[in-house]
1. Since residue 103 meets every condition but one in (1) under 30 Å from residue 315 (Cβ atoms); (2) crowded, with 22+ Cβ neighbours inside 10 Å, which condition does it not meet?
2. Can you confirm whether residue 265 is part of a loop (DSSP other than H, G, I, E, B) and closer than 15 Å to residue 340 by Cα?
3. Would you mention how many residues in the stretch 198-228 are within 28 Å of residue 344 (Cβ to Cβ) and either more than 15 Å from the ligand (Cβ to nearest atom) or surrounded by 21 or more Cβ atoms within 10 Å (Cβ to Cβ) (or both)?
4. What number of residues within the stretch 253-273 satisfy the criterion of being closer than 17 Å to residue 345 by Cβ, within 12 Å of the ligand (Cβ to nearest atom) and in contact with a helix residue (DSSP H, G or I) (Cβ under 6 Å, 6 or more places away or on another chain)?
5. Please work out if residue 247 is away from the ligand (no atom under 16 Å from the Cβ), touching a residue at least 24 places away in the same chain (Cβ under 8 Å) and touching a strand residue (DSSP E or B) at 6+ places or on another chain (Cβ under 6 Å).
6. Could you name every one of the helices (runs of 4 or more DSSP H) located completely within the stretch 52-171 that has at least 2 residues being in contact with a helix residue (DSSP H, G or I) (Cβ under 7 Å, 6 or more places away or on another chain) and closer than 26 Å to residue 184 by Cα?
7. Looking at residue 202, is it out of contact with any strand residue (DSSP E or B) (no Cβ under 8 Å at 6 or more places or on another chain), farther than 24 Å from residue 125 by Cβ and in contact (Cβ under 8 Å) with a residue 24 or more places away in the chain?
Ligand SMILES: [Zn+2]
């Protein structure tokens, strides 16, 4: 097993602003936790820096006019109608260097995909990536450039058949959009239901179009879906489709805003529930490009992605967090200093409500999508 983690300290230069939930510190904290666990110097695992993606690479998905706008606002130029491109106060703020930040995120995911495509490694992890909401001509949901789409395009260019599985709490709408009519890319997204959470899409009925019908798969879930409910629904949908599709490469979006303490969403997973899904996914393809994603309680981000990197290396970690991180984790509000979460009770009524919704969605996938794959 040869692996690579793509990481850069350059992220410290960028800032979405003091009120924004996407804190760049999450990346540094994740790296320090990986390091404290001894995961940054594993035999067989490389550490490489991202190269900023070129305009040419970024315009494989994004329209040149939008790229021009990103470059202009990033340099401090006044652009009238920036809001037309999703830019401005709110989710996608204009800050100095946002173009360079977007280039770095895109470049890291392209690099991860290229290393896998070249056969240099079997599994790659770029946890600063996974910015799955960006659209060809606009920023959306904290995402300016869709590195996940660019990673998939890198793999497609080399002829690989790709399955994309997105376990972020939000629907992976930008990636679904990019490959909506393409049967060579299977996209599967599990997320909180779109009528309760941004971006408002990701219903079972969104199944693709033209030759791509059946190759966009969505599993929406009820608020308070916990590990047990999630695992049952996931098992009923994801493994059969991946087995049938038999991808050459799996691209994973590993957002951890599905966690029960995440401030922006309402799912109720634990770190260990998240890691079980990651471990299970690795069974379905010989090559894997794993990306990060959402996650706004940064103690969860660090623990989940450190755990995911261990899983990608088939390594097991002691549950107590390394001493070196105790003070930081406590300061950030983590009460139990372990990688996994303590058990949490969910009201039986709430659990039943989540379970019933999941059962209905699974049945809809089985009735509407599975027959398109002969399942
Ligand atoms: Zn998210």
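The values are calculated or read from the model by the stated rules, or taken from the named source; none is laboratory data. All values reported here derive from a predicted model rather than from experimental measurement. Using ideal geometry, Cβ is built from the backbone for each residue, glycine included, and neighbour counts are taken over all protein chains shown.
1. Exception for residue 103: condition (1).
2. Details: part of a loop (DSSP other than H, G, I, E, B): yes; closer than 15 Å to residue 340 by Cα: no.
Spelling it out, it is not the case that residue 265 is part of a loop (DSSP other than H, G, I, E, B) and closer than 15 Å to residue 340 by Cα.
3. Final tally of qualifying residues: 11.
4. The total comes to 1.
5. Working: away from the ligand (no atom under 16 Å from the Cβ): yes; touching a residue at least 24 places away in the same chain (Cβ under 8 Å): yes; touching a strand residue (DSSP E or B) at 6+ places or on another chain (Cβ under 6 Å): yes.
Considered against the rule, which asks whether it is away from the ligand (no atom under 16 Å from the Cβ), touching a residue at least 24 places away in the same chain (Cβ under 8 Å) and touching a strand residue (DSSP E or B) at 6+ places or on another chain (Cβ under 6 Å), residue 247 comes out as yes.
6. Numbers: elements: 55-58, 64-74, 98-117, 147-157.
It comes to 55-58, 98-117, 147-157.
7. Details: out of contact with any strand residue (DSSP E or B) (no Cβ under 8 Å at 6 or more places or on another chain): no; farther than 24 Å from residue 125 by Cβ: yes; in contact (Cβ under 8 Å) with a residue 24 or more places away in the chain: yes.
The answer is no for residue 202.
Every residue, every condition in (1) assigned to a helix (DSSP H, G or I); (2) within 16 Å of residue 356 (Cα to Cα); (3) within 16 Å of the chain's Cα centre (by Cα), yes or no:
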position	(1), (2), (3)
177	yes, no, yes
182	no, no, no
191	no, yes, yes
206	no, no, no
228	yes, yes, no
231	yes, yes, no
241	yes, no, no
250	no, no, yes
257	no, no, yes
